[in-house]
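Single-structure report; data block below.
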Amino acid sequence: MINDFREALRIRIAASAAQLGSDPTQAAIEVTREEKFGDLTTNAAMVWAKALKKNPRELATELIATWNIPDEIFSEATVAGPGFINLRLRQDAFAGILHSILEHELPFGHLPQTENCKRWLLEFVSANPTGPLNIVSARAAAIGDALARIIESQGQVAHREYYINDAGNQVRLFGESVVARMKQERGEAAEIPEEGYRGSYVVDLAKKAIAEGLSDTDPESIGNWAIDQMVAAARNTLEKYRVNYQHWFKETTLRKAKAEWTTLETLRTKGYVYEQDGAQFLRTTADGLDDKDRVVVTSQGRPTYFLPDIAYHLDKYNRGFNRSINFLGPDHHGSIARMKAALRMLDIPDDFHEIRLIQQVNLMRGGEAVKMSKRAGELVTLEDLLEELGDNATAVDVARYFFLQRKFSTPLDFDQELAKQQSEENPAFYVQYAHARICSILRQLQAGSEADYVWQDRFIELLSEDETRAVIRKLMEYPIVLDRCVQALDPNNLTGYLTELAGVFHKFYHHHRVLGQERDLMSARVLLLLSVKKILADGLDLLGINAPEQM
RNA sequence: GCGCCCGUAGCUCAAUUGGAUAGAGCGUUGGCCUCCGGAGCCAAAGGUUGUGGGUUCAAAUCCCGCCGGGCGUACCA
């Protein structure tokens with residue numbers, strides 16, 4: 001429906017552009033911010049005026065004159081401000097939005113999946129398996145998963161993937177750390193390696209290893225065992241957090257297939273590898289992308305982290321995805337340039353793979369910063385966070401909503417003292433409350449009167465109060481919001497939108513009664529409520545948050 | 001030093017990706033329940049968008065310079 005409206009305007013803009021020799025893609029079509037500006041707006045006149053050497057307002061007036069408004073969709077078109085063209089929808093088209101929200105099987109704003117739809121690979125969290133999931137992982141998990149859900153709503157495929165670094169030096173180092181703790185548990189003298197892992201979870205692992213009767217003679221196999229434990233725990237926590245991956249990709253599967261070495265040979269054949277001081281370097285500076293060349297094989301003959309990572313991304317490409325997004329923590333920005341350079345060497349198009357950095361979460365405790373370091377062991381985990389919030393479904397709702405409210409590109413302060421308070425005052429409840437309140441009203445409707453709650457054209461004029469129109473205007477925006485989330489690769493637009501939708505509904509509720517009204521008016525308002533309920537439930541679902549019928 | 005990110009109300013953050021009067025929550029102040037759920041609504045106070053320039057019809061948003069904060073700058077992962 002909204003797309004029909006936009007299309008009606010788009011056609012006119014295109015026709016005018018053709019006539020004037022202007023660029024139609026410059027002109028944006030938007031839902032107006034305020035009702036007084038009409039329903040849809042375009043900046044066509046302002047963006048075209050300069051090239052045509054005309055005054056924007058005069059041009060806008062000329063454009064409107066050729067657009068044959070009013071017609072069956074728009075009731076009026078006016079020029080406002082510096083040259084905006086604002087269009088108002090006819091009341092029947094406007095109120096009819098409810099009809100289209102309720103009658104379609106596919107949720108409003110969703111698109112059907114087609115055979116040759118876009119296939120996305122979203123990699124997120126991929127935390128180092130030598131430590132528990134921290135609070136940045138919590139942020140990344142919420143964002144990656146919600147984005148995947150939104151992409152799926154747009155008729156596309158989103159494949160969630162978690163990369164496990166279960167190979168390399170750290171396995172043995174991790175094993176040695178566990179072994180040292182095992183010995184200490186038995187009262188033997190043992191030192192944790194200098195670069196080892198000192199978190200209390202290592203002690204827990206040691207206890208478990210002893211309980212299972214594992215031998216402490218082989219750090220490597222203890223390391224592998226410990227990593228499996230950590231991955232299983234991460235998986236458990238993430239499931240509780242409503243994040244499910246299609247694929248847990250182990251680095252060792254690449255290593256077993258020697259993928260890092262075949263990738264190295266491919267790069268060498270293309271002339272991008274050279275030897276210096278006994279190490280193998282990749283010429284990542286070739287296109288000026290990186291500021292220095294990177295070691296891919298050490299002088300000891302071991303691949304660095306970078307080499308299997310290149311192989312991994314090549315594997316992503318070869319699996320036939322159209323687009324790959326990798327959400328990384330803020331400390332990884334150094335790896336962007338080198339990966340881009342490497343993928344280009346492998347003839348992978350630049351726009352295939354994109355790294356998005358999720359900015360840090362500054363953990364505070366009563367206004368004081370808390371350091372987060374896996375190696376130091378002082379950290380707050382996702383588990384801790386959920387526990388702090390009550391360790392139930394509501395805790396997940398609150399935590400996810402909190403992270404999804406903020407755009408991921410900005411650093412975020414998270415005060416633990418505020419966490420519990422947040423759980424009572426969190427905007428998540430504001431949105432859920434609107435949903436529960438609607439459900440409560442619907443429960444009180446007379447049974448057996450379903451026939452009253454189907455769309456009738458005579459309802460159109462009953463849906464014209466300011467507060468009612470505000471709700472419908474907000475509903476109209478939903479498809480645009482979903483689209484914007486995909487464009488920005490960030491679900492935070494949807495979170496804000498749901499808060500606004502709940503807001504206009506709460507306002508409507510306080511101004512107009514539903515129950516006990518004259519039959520047609522009540523029916524019209526029930527349809528409004530059903531529409532809001534549908535969008536709230538759908539939007540919350542896309543964020544991975546429950547839409548409770550009672551609270 | 002060099003590179004990247006960030007600076008918006010007292011606090012935590014938004015701002016339709018360059019749009020019209022910069023908005024929410026928390027906190028502060030004052031109202032609203034014999035009436036569909038007060039986890040709500042209404043109102044008030046709170047801003048030179050760090051700062052100085054530039055770009056244009058239009059800048060919190062883009063460009064340059066400063067100031068402040070964070071991260072990175074491994075033959076670690």
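Measuring max minus min along each principal axis, the C-alpha atoms of segment A:446-485 give extents of 40, 23, 18 Å (largest first). The residues A:105, A:176, A:251, A:239, sorted by heavy-atom accessible surface at 1.4 Å with ligands and nucleic acids left out, run A:105, A:239, A:176, A:251 from largest to smallest. The accessible-area ordering, largest first, of the residues A:290, A:228 stands as A:228, A:290, per a 1.4 angstrom probe. Could you pull out every one of the lysines with an alpha carbon less than 29 Å from that of residue A:208, ignoring same-chain neighbours closer than 8 positions? List returned: A:183, A:240, A:250, A:256, A:371, A:374. Working from Cα pairs under 8 Å separated by at least six residues, relative contact order for chain A is 15 percent. Helix A:135-153 against the longest principal axis of chain A: what's the angle in degrees, Cα atoms only, rounded to the nearest 10? Helix A:135-153 sits at roughly 50 degrees to that axis. The convex hull defined by the C-alpha atoms of chain A has an orientation-averaged projected area of 32.5 nm². Using every pair of separate Cα atoms, the Kirkwood estimate puts the hydrodynamic radius of segment A:421-551 at 15.4 angstrom.
Along its three principal directions, the equivalent ellipsoid of segment A:120-245 from the Cα gyration tensor extends over semi-axes of 34, 12, 12 Å, largest first. Using a cutoff of 8 angstrom between alpha carbon atoms and counting only pairs six or more residues apart, the relative contact order for segment A:5-80 works out to 21 percent. Note that segment A:162-207 carries a Kirkwood radius of 10.9 Å, evaluated over its alpha carbons pair by pair.
For chain A, give the percent of accessible area contributed by carbon and sulfur heavy atoms, probe 1.4 Å, rounded to a whole number. Answer for chain A: carbon and sulfur cover 47 percent of the accessible area. Over 27 Å apart at the Cα level, from the set A:36/A:507; A:118/A:292; A:118/A:533; A:118/A:340, are A:118/A:292; A:118/A:533. Rg and Dmax, both from the Cα atoms of segment A:1-158 and both in Å, are 21.3, 68.
The largest-to-smallest principal axis extents of the Cα set in segment A:24-104 are 47, 22, 21 Å. Segment residue A:208..residue A:186, full-extension length gain: 6.6 nm, with 0.36 nm per residue of separation and the alpha-carbon distance subtracted. Cα centroid distance between segment A:16-94 and segment A:109-161, in Å? Here the two parts' Cα centres lie 37 Å apart. Spherically averaged projected area of the convex hull of Cα atoms, segment A:171-246: 5.7 nm².
Averaged over its residues, segment A:301-340 has an accessible area of 41 Å² per residue, based on protein heavy atoms and a 1.4 Å probe. Accessible area per residue for segment A:96-240 is 41 Å², calculated with a 1.4 Å probe on protein heavy atoms, without ligands, DNA or RNA. The helix-only estimate of mean residue ellipticity at 222 nm for chain A, built from DSSP H runs of length n ≥ 4 each weighted as -39500 (n - 2.57), is -16500 deg cm²/dmol after division by the residue total. Between segment A:326-355 and segment A:478-551, the C-alpha centres lie 38 angstrom from each other. Across segment A:238-329, C-alpha contacts under 8 Å between residues 6 or more apart give a mean separation that, scaled by the residue count, equals a relative contact order of 21 percent. Start at zero, step by 5 Å, and the Cα-Cα distances of segment A:245-367 spread as 2, 10, 19, 22, 21, 12, 7, 4, 2, 1, 0, 0 percent across the bins. In the context of the full protein assembly, residue A:217 retains an accessible surface of approximately 110 Å², using a probe radius of 1.4 Å and ignoring ligands and nucleic acids.
Solvent-accessible surface (1.4 Å probe) assigned to residue A:195 amounts to roughly 110 Å².
The values are calculated or read from the model by the stated rules, or taken from the named source; none is laboratory data. All values reported here derive from a predicted model rather than from experimental measurement. The area values use the complete protein model at the heavy-atom level, side chains included, leaving out ligands, DNA and RNA. Shrake-Rupley method; radii C 1.70, N 1.55, O 1.52, S 1.80 Å.
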